[in-house]
Structures are given as C-alpha cells and as structure tokens.
Amino acid sequence: MSTDSGVSPVELNTSDLKLRGFKLYEVNQPQQTPLLYSRRDYYKVSIMRTQCVIHYANKSIELDGTYLFFSNPHIPYSMELRTDQHWGYACLFSEEFVKGGGERSESLQQSPLFQLGGTPVFQLDETQATYLTGIFQKMQAEEATDYPFKGELIRTYLQLLIHETLHMQPYENSFQPKNGAARIASLFLELLERQFPVESPQQKLALKTPLEFADRLAVHVNSLNRAVKEITGKPTSAHLNGRILDEAKALLQHTDWSVADIAYSLGFEYPTYFNNFFKKHTGNTPLACRKAVPAA
C-alpha cells in the first residue's frame, strides 16, 4: 500500500508551463510522485486505471477500474493506492485558461464537476475510457507542438472532456472513514494553511470563519468544531485566530504594507476591526508591534 498526498519535491510554476495556465503529464507507475502545483488556482482532471481509495473532503471513495477524477484546488484530497498497477494522465489548468480571456460569468466552482459537496469521480466503461484517453493524448501531443493556436485547440479538447463527462452519472461508492474526526480536523488544518502566506495586499483570505470552513468541507459547523476540539484540544476559532495573528505579525515586521492593507488582506472589513482584534489577542496595537522591530 502506498499513499499519494500530492506532495513532491518538484514544484510546478509558471516557467514550467508550455502554455500559461495548463500542464499535462502521464502517470504510469505508483512510485511516480505527482507534481506539487503551488499556485492556489489550479484545477486538475485525471483519467486513471487503478485500485485505490480517494479521501476527498469528509468522505472516502473506493475505486477499482478506470475513472475520471476532478479536483477542486480549494478542497484537499489524498489517494491511497492498493495496487502496483496505476496508470493514467492528469492535466492541471487555471480557470483563466478555460475561459480563454473571455468574460464567462460562471465559475468552475459552479460546475457540477467541481462544486463543493459534489462527488468528483466518474467510472468509465471500455468505450468511454478509450475515447477519453484519446482526448488526453491529443492534448499531450498538441502541447508539444509549435502551432500558434494550440492554446485554443487544447482549450477546446478540455471543454469537450468536461462536456462529455457532464453526460455521465457520478460514482457513488463512498463511505465515511472510521477516523472521521481525525480526517475532518486534518482537512481543516490543511485548508487553513493553504491560505498562507499572504503574498500581496490584493490577496484576501477566502475563509475566515468556522462556518466558511465547514461549508467548504461540506460538513456541519458543529461537526467541524467538535472534530477539531476532539483531535487538537483547541477550538476551531483558536486555530483561526492564532494563524491570522502569526501572519499579521509577519506582515507587520517584514513588509512595508500599511496597516490598512494588512487588515484587508487578512479579511477584516475595516482597519479598526483589525486593530481591535490584534490588541485583544496581543495587548499591543499593530503599529506598536511594527515599531518594536529593531531597524536593520
């Protein structure tokens, strides 16, 4: 048995992409660790012939055969392999790539394939597997060409893949893992860390409250709070406040952003709310914290 957590020493960044916002790779052995794509806005579609369990959000999905799997970058998952025979293709893409610079209003997160709370796995028969594998192979071949419009062509293939899947019924062989509380707590902590570091004043925390995290993980907020307290010994709000405070101190001490910019980036509607929050938990104002750092 092996576990694929999606973590690798290899990072996928913009310079690795032959097309901005798109990358396809082949997976043909279990020892091959998937790429770690550090950008937060990459979606993933995989076709795989495998025997495994996918742990996705608060449920686990047992697979044995050929499947399509759609991964939302906002929901952590891991894959527990149960065979040495693991083959397939995977492509990473941003929402901007799919839209092609257009003004389509619908977000990928609104798609049944990627929306929160859905089942992102589709079992394929031999005919479907052959046809859809061909689409992945066409995208892979096109990615290596010098054709000036290959981005548009690959986008068309990707949209064809999505529309073909929308005709199918999701695979529903899911179950609640025995260590459900540990799973929920682990997912919460991973989602929390995914929001950091804050890299620009324009970046704003997407999830700021226990309810928002619970909605993202498709669990009731009471279940989230109970699981986090049971496993970590601390309330969900304590983890949130502590992580926001750590990031606030880092931004105050290591950037020249204004207090207002830091407040907005950390999800506070008004700087005064941030000042009150910071002083309540540290006893000092944000400016006092910044002034306490010795000049370089």
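All of the numbers you see were taken from the coordinates with simple rules; none came from a lab. Please read all numbers here as calculations on a predicted model, not as lab measurements. Note that we place each Cβ from the backbone using ideal geometry, even for glycine, and neighbour counts take in every protein chain shown.
State the Cα centre-to-centre distance between region 59-82 and region 187-259 in whole Å. Between the Cα centre of region 59-82 and that of region 187-259, the gap is 25 Å. Among Glu172, Glu247, sorting on how many other beta-carbon atoms sit within 10 Å of each Cβ, with the fewest leading, yields Glu172, Glu247.
Provide the net charge surrounding His254, with neighbours chosen by a C-beta distance below 11 Å and charges set as Lys +1, Arg +1, Asp -1, Glu -1.
Neighbour charge sum, excluding His254 itself: 0.
The charge dipole of region 180-291, taken about its Cα centre with unit charges on the Cβ atoms of Lys, Arg (+1), Asp and Glu (-1) only, comes to about 340 debye.
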